[in-house]
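To keep things clear, I will list the structure first and then write my remarks on it.
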Amino acid sequence: MAGDEKDKDKARSAAEGPRRMDRRDLLLGLSTVPALGLFGYAWQKQRQYERAAREAAAAPQQAAAADVQTVNVALIGAGAQGQVLTDAMLRIPGLRFRAVCDVWTEYNQRRVVNMLSRFKHEANGYEDYREMLDKEKELDAVVIATPDFWHARHAIDCLKAGKHVYCEKEMSNTLDGARSMVAAARDTGKLLQIGHQRRSNPRYLHCYEKLLGEAKLLGRIVTVNGQWNRAVAADLGAPDRYVIPEARLKQYGFKDMHQFRNWRWYKGLGGGPIVDLGSHQIDIYNWFLGSNPTRVMASGGLLYHDPKTHEWYDTVMAVYDYDTPAGPVKAYYQTQTTNGSQGYFENFMGDQGTLLISESELNYAGRVYRDPNAPAWDQWVQKGYLTAPKIQEVQEKAEESSAILDVRESASPDEHKVPVVLRDPYHQPHLQNFFNAVRGKAKLNCPAEIGYESAVTVIKVNEAIDAGVPLSFKPEDFKV
Amino acid sequence: MEDGKLSRGPMIAITLLRVVVGWHFLYEGIAKLSSTSWSAAGYMKQARGPFADLFRWLAGQPNLLEYSNLITMWGLTIVGVLLMLGLFSRLASLAGIGFILLFYLANPPFVGYFYSLPMEGSYLVVNKQLVELFALVVILVSGSGRFAGLDRMVHRLIARRPRVAAASAPARVEPA
């Protein structure tokens, strides 16, 4: 029986003592080690492949880089937005990162410096931007992605130190700050680009120049609506071992670590969702309508979030009046941070057509609807400005459902697509425009003056909510 | 487990299974380690099913999240290496089972759960994670590391020392 065999085995091994390691043990013991070598080989190959793919993606830019003047860059503010900008800049030829400044030396600064070193940029880390400006004499340009209430000081000091500046929107949390930034750019003669990046997005440029400018597809624009709906997001935190000492937080204007991480929600530091999200899109209202508003009425409040940790309004609805060269326009905008359905877009409606556009490549990336009474758009389709229409099968559906198409109901318009896709990161074209301007080869798409007009337009919404009545703009409000 | 319990053919097959599962673990770990910004937070936030709340809560705890990230990245890598080498393969199998169980429970294809993310197959209760988990159960019970792996040598080295000697060795007396 098997049991007997086993007992015999045991007895034998007990008698002989433990078996010594023999050649068979050695061979079998090491038999799977070569698999690890094979893995290492495959992994190397995979890394080579990824590197080659990255280089191939940058190849046309590298070719162009040969005759491109190198621009020495520093980043101030290495948080989430600084990371987004850095990722985009790493794809732009002819840039050399020299320095990264962030007061969160324990985490953000170290993270971005390390990341840059992997891309062969030797950037020095600084906590104090003034020390950086003192030591980094060869800097040409500074990219600023700090909290809004720091923008004015950072931008002005960099301009005065002779650097060109790309500053994230909102230009400043106060109009005084924004005005002094415009003045500093004028005084120093240095470039100041504000980060309303849709202004350089090829799809937006196509719509502005071709569809609205040349083809005038929408006819007379009478109404605009837009939104940014965002789902509830947990407050940002930080692991205990990365918490900034209280003295340093206070030194840079933050009450505690929670405020440092969630500054966008605090009055005096940021402007809340209407400024963080709305300013991108309301800036497009001004741009596409070719004018600034004359009046705004707004309603909003902190309806959902905890007032102990959130000061700004989580829900805002605003209506602007515009007096455009073509006639009066009403423009609605809403932002809410409790439900992300239907995301974000801008929608321009004229008597001949509708333009639905978004920065997002996934949703509402550019649709144009031809109103049935508009003249034919065939020539624009032939020119490649639009795709051929998808005909709405409204008649058929109406018959199927046995419902009668009421005479008061308009037939659905044809849907065309805007055939422009951005395959680069959203911020890349705007940064590229800035660096082209630094090299003297382009004009800024969003200079300080335009950033200022946008700031005046948007910051007024918060005032209108507090006032509870419509507020007017005077044309000189938009001038510095 | 003594070799000979399973015959040579099945043991070779299970050893190959151990190596490929280890390979998969190792690359999952290394891919996360070599990414500049990998975090488990995204996966946890998308959690569905009975444990969804727990995973989402975890994603919102910066300290715990940091540990989770480190444990996942290094854990997968180490388990992968150990499985491939057949070193401490039972411990590695158990750890691997633990990891996969967590991944599985974060998004279990239970009856009535629908996912908007496109999946590359069709799953009801059992998915590829669960199959890999049970592959590790087979590796765990087969003692594949002692058949072909460094465990075999470790085992011999330990077994070479007679236990009685260790037990009867006089306790060292520290001089006063």
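So here's what we get for this one:
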quantity	calculated
Some residue of the stretch B:113-122 being under 27 Å from A:Val33 (Cβ atoms), more than 13 Å from every other protein chain (Cβ to nearest Cβ) and either at pLDDT 85 or above or more than 19 Å from the chain's Cα centre (by Cα) (or both)	no
In the stretch A:132-156, the residues that are closer than 14 Å to A:Cys101 by Cβ, surrounded by fewer than 19 Cβ atoms within 10 Å (Cβ to Cβ) and either touching a Lys or Arg at 6+ places or on another chain (Cβ under 7 Å) or in contact (Cβ under 8 Å) with a residue 60 or more places away in the chain (or both)	none
Subset of the stretch B:6-27 [surrounded by fewer than 19 Cβ atoms within 10 Å (Cβ to Cβ) and either more than 12 Å from every other protein chain (Cβ to nearest Cβ) or among the basic types (Lys, Arg) (or both)]	B:Leu6, B:Ser7, B:Arg8, B:Gly9, B:Pro10, B:Ala13
Sole residue being under 30 Å from A:Arg130 (Cβ atoms) and surrounded by fewer than 19 Cβ atoms within 10 Å (Cβ to Cβ), chosen from A:Gly271, A:Gly253	A:Gly253
Residues of the stretch A:293-332 classified as under 27 Å from A:Cys207 (Cβ atoms), surrounded by fewer than 20 Cβ atoms within 10 Å (Cβ to Cβ) and within 24 Å of the chain's Cα centre (by Cα), total	2
Of all residues making up the stretch A:461-477, the number that are hydrophobic (A, V, I, L, M, F, W, C) and part of a helix (DSSP H, G or I)	4
Meets criteria (assigned to a helix (DSSP H, G or I) and of a type outside the set (A, V, I, L, M, F, W, C)) for A:Gly82	yes
So A:Asp235, is it farther than 26 Å from A:Arg370 by Cβ, among the charged types (D, E, K, R) and within 14 Å of chain B (Cβ to nearest Cβ)	yes
The lone exception for B:Trp38 - which of (1) within 23 Å of A:Val33 (Cα to Cα); (2) in contact with a helix residue (DSSP H, G or I) (Cβ under 6 Å, 6 or more places away or on another chain) it fails	(1)
Hits in the stretch A:446-460 (condition: surrounded by fewer than 22 Cβ atoms within 10 Å (Cβ to Cβ) and outside any helix (DSSP H, G or I))	A:Pro447
Top-ranked residue in the stretch B:46-60 [being buried (at least 16 other Cβ atoms within 10 Å of the Cβ) and within 11 Å of chain A (Cβ to nearest Cβ); ranked as nearest to B:Val111 (Cα to Cα)]	B:Arg56
Flag if B:Phe134 is more than 22 Å from the chain's Cα centre (by Cα) and surrounded by fewer than 16 Cβ atoms within 10 Å (Cβ to Cβ)	no
Among the residues listed as B:Thr77, B:Thr72, the single one being polar (S, T, N, Q) and more than 13 Å from every other protein chain (Cβ to nearest Cβ)	B:Thr72
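The values are calculated or read from the model by the stated rules, or taken from the named source; none is laboratory data. This is a predicted model, so every value here is computed, not measured. We place every Cβ from the backbone using ideal geometry, glycine too, and count neighbours over all the protein chains shown.
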